[in-house]
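The structure appears right after this line, and notes come after that.
The values are calculated or read from the model by the stated rules, or taken from the named source; none is laboratory data. Just so it is clear, the structure is predicted and the values come from calculations on it, not from any experiment. So basically every Cβ, Gly included, is an ideal-geometry build from the backbone, and we count neighbours across all protein chains shown.
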Amino acid sequence: MTPDVKAFFDNATNTVSYVVREPQGSACAIIDSVLDYDQAAGRTDTSSADDIIAWIKAEDLQVAWILESHVHADHLSAAPYLQEALGGKIGIGANITVVQDTFGKVFNEGTEFERDGSQFDALFADGDSIHIGQMRVDVMHTPGHTPACLTYVVGDAAFVGDTLFMPDFGTARCDFPGGSAEDLFHSIQKILALPDKTRVFVGHDYKAPGRDEFAWETTIGEQKALNVHIGEGRPMADFVTMRETRDATLGMPRLILPSLQTNMRAGHFPEPEDNGKSYFKVPINAL
């Protein structure tokens, strides 16, 4: 089956959100949504999510799933806002519990913060399958960037989150708590074992040097042949050395602190304090 895919690119965070729909039917899923956030003002905006809502309503689609490829560190998820407007279940990888435990400690969340993934409607393990109408979605656990990263395979399309970027940009960083370059290498091999004609939809694009336009769709064959970090059968030892050396030079994402505190709660903000307002914590020297 060849699903129809509509991409929504967020310039502020270089994130690509997707609506995946049945080629014949009205069911769809939303993958990796964005809630706009002004860091300086501490103010959210729903413009990006509203664009998705407007398109889905114009196409007269029914949302079955609102899927997260992982707990994003570079943007806030709009999953609860989309769910309220459109319905659907919010799903993520079962290893969200590992991420919640790690960052529950980083942000000193206390016992009131549940670390069992119960904020989400569904937790997926490797090999699970779900349906978007009559269209089956196969779930692949592809850790490395984070312990909970998933790839969603829908017919001839694979949604890889941050695991792979466009071939001229490479692969995801692995230096966040719980990340592993070795795990990422093995995860990428699982993805590259898909048929060469499989369409690959990436979670971000940053326009590699020399490329004028943003891009987010490639193929397994192109990744195997051309990916600058992993292509042409690069051995694991070389990849791990490259990835760890490169990661040591990278700064933290601009929105990592509010993103993690929101996304580990399935897109909900921390519980309001006694004045009715929610607050993000800034742990000093913790990351």
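Hey, can you tell me all the residues within segment 1-56 that are of a type in the set (V, I, T), closer than 20 Å to M252 by Cα and in contact with a helix residue (DSSP H, G or I) (Cβ under 7 Å, 6 or more places away or on another chain)? Selection gives V34 alone. When residues in segment 193-229 are screened for being surrounded by 18 or more Cβ atoms within 10 Å (Cβ to Cβ), free of Cβ contacts under 8 Å to residues at least 24 places away in the same chain and more than 22 Å from I31 (Cα to Cα), 0 of them pass. Restricted to strands (runs of 3 or more DSSP E) entirely inside segment 1-113, those with at least 2 residues that are buried (at least 19 other Cβ atoms within 10 Å of the Cβ), in contact with a Leu (Cβ under 8 Å, 6 or more places away or on another chain) and among the small types (G, A, S) are 89-93. Just checking, does segment 263-271 include any residue being exposed (fewer than 12 other Cβ atoms within 10 Å of the Cβ) and without any contact (Cβ under 8 Å) to a residue 24 or more places away in the chain? No, there is no match, as no residue in segment 263-271 is exposed (fewer than 12 other Cβ atoms within 10 Å of the Cβ) and without any contact (Cβ under 8 Å) to a residue 24 or more places away in the chain.
Out of curiosity, is R211 over 19 Å from the mean Cα position of the chain (by Cα), of a type in the set (K, R) and farther than 29 Å from T2 by Cβ? It is false that R211 is over 19 Å from the mean Cα position of the chain (by Cα), of a type in the set (K, R) and farther than 29 Å from T2 by Cβ.
Against the condition among the small types (G, A, S), crowded, with 19+ Cβ neighbours inside 10 Å, touching a helix residue (DSSP H, G or I) at 6+ places or on another chain (Cβ under 6 Å) and more than 19 Å from A7 (Cα to Cα), how does A172 come out, does it pass? So A172 fails the test. When every residue of segment 172-192 is checked against the conditions, none turns out to be closer than 18 Å to G91 by Cβ, touching a Gly at 6+ places or on another chain (Cβ under 6 Å) and touching a residue at least 60 places away in the same chain (Cβ under 8 Å). Just one of the numbered conditions (1) modelled with pLDDT under 95; (2) within 16 Å of the chain's Cα centre (by Cα) is not true of L184; which one? Going through (1) modelled with pLDDT under 95; (2) within 16 Å of the chain's Cα centre (by Cα) one by one, L184 breaks only (1). Looking only at residues in segment 242-287 that are assigned to a loop (DSSP other than H, G, I, E, B) and of a type in the set (S, T, Y), the one that is farthest from I92 (Cα to Cα) is T249. Of the numbered criteria (1) under 21 Å from H72 (Cα atoms); (2) of a type outside the set (S, T, N, Q); (3) free of Cβ contacts under 8 Å to residues at least 12 places away in the same chain; (4) touching a strand residue (DSSP E or B) at 6+ places or on another chain (Cβ under 6 Å), the one K105 fails is (4).
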